[in-house]
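For reference, the structure is listed below as C-alpha cells.
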Amino acid sequence: MRCLLGVAGRPVWALPEGLLTRVVVVGTSCAGKTTLARRLAGMLASEHVELDSVYWGPEWTPRPDFIQTVRAIAQRPRWVIDGNYSAVRDIIWRRSSAIVWLDYSFARVFLRALRRTGRRILTRERLYAGNRETVRTALLDADGIPWWVIRTYGKRRRDFPELFRRPEYGHAAVIRLDRPAAAEAFLLAVRAAPLALTGVDRD
C-alpha cells in the first residue's frame, strides 16, 4: 500500500523490530495529530503525550519548564508524542523509533481548523490548563489557529522532508500518510502487526 511505505520503500510490517516503541506524530495544525496519536498509543499500550498540553499554562502562557519536562518524557522507554515544537524537536526525534507524518491537503486541514475553532468557541470547551478559545484569540489574533494554518502549512510541507533526511534522524522510520483513509489503513496494519513490531502482548 503506497501510504504505508516506510524506510527504503518497505511496508510497515516489514520494518525493523521495535519500530513503534517510541513514535512521534507530526503534521500541520488540525491534521488530526492528537486523535491519531491517542488511538495509536491505546493500541500499543504506550503513554500518549500531547505537546500542546505540556507547553501551555493558564491564560495561554507558555510553561517555563517546557523543555526540561519534554527532555524527561523523551527518556521514558515507550511513548507516542504528537506535536511540532521546534524547540524540542531534536530531543524527541533523536529518541524516536518512528515518525508518522500526516501530510494532508491544505483544503482538508483548513476546513478542519475552521470547524474545530467554531466548535470550541461555541461550546466553550476547556483545553490545556483550563484555557478556552474565544473569537478574539482564535479569529482576531494573528496567531489564531486558522491564520496559523495559512501561514505555516506550506513551510511545514517543505521543511519536513528536509528534516527527515538529516543524518541525526536517519535511524527513525518515516511513515507518510496523505489522507485519513491512509491513517485508518495504518492503524489497521498496526493492530494486525507482529508482536516484535509493536512490543505489545495481545494475549
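Since every read-out is calculated from the coordinates, none of them should be taken as a lab result. Note that the coordinates shown come from a computational prediction; the quantities given were computed from them, not determined experimentally. Reconstructed Cβ throughout: ideal geometry from the backbone, glycine too, with neighbour counts over all protein chains shown.
What shape does the range 2-194 have by the C-alpha gyration tensor, where a ≥ b ≥ c are the square roots of the eigenvalues, rounded means a/c under 1.5, and otherwise prolate means a/b greater than b/c and oblate the rest?
Because a/c hits 1.5 or more and a/b exceeds b/c, the range 2-194 counts as prolate.
Mean separation of Cα pairs under 8 Å and 6+ residues apart, divided by the residue count of the range 2-194: what relative contact order is that in percent?
Once divided by the residue count of the range 2-194, the mean separation gives 33 percent.
I want to check the label-to-label distance for residue 105 and residue 123. Put each point 7 Å from Cα in the C-beta direction and report it in nm to one decimal.
My value for the distance between the label points is 2.7 nm.
Place a label point 7 angstrom from the Cα of residue 143 along the Cα-to-Cβ direction, then list the residues of the range 58-79 whose backbone nitrogen is under 14 Å away.
The answer is 58-64, whose backbone nitrogens lie closer than 14 Å to the label point.
Round to the nearest 0.05 the FRET efficiency obtained for residue 114 and residue 87 when R0 = 22 Å and r is the Cβ-Cβ distance.
In this case the efficiency is close to 0.20.
What does the extension gain come out to for residue 191 and residue 132, with contour length at 0.36 nm per residue minus their alpha carbon separation?
Length gained, residue 191 through residue 132: 17.8 nm.
Rank by packing, highest mean first: peptides 143-155, 56-68, 33-45, with packing defined as the count of other Cβ atoms within 10 Å averaged across residues.
Output ranking for 143-155, 56-68, 33-45: 33-45, 143-155, 56-68.
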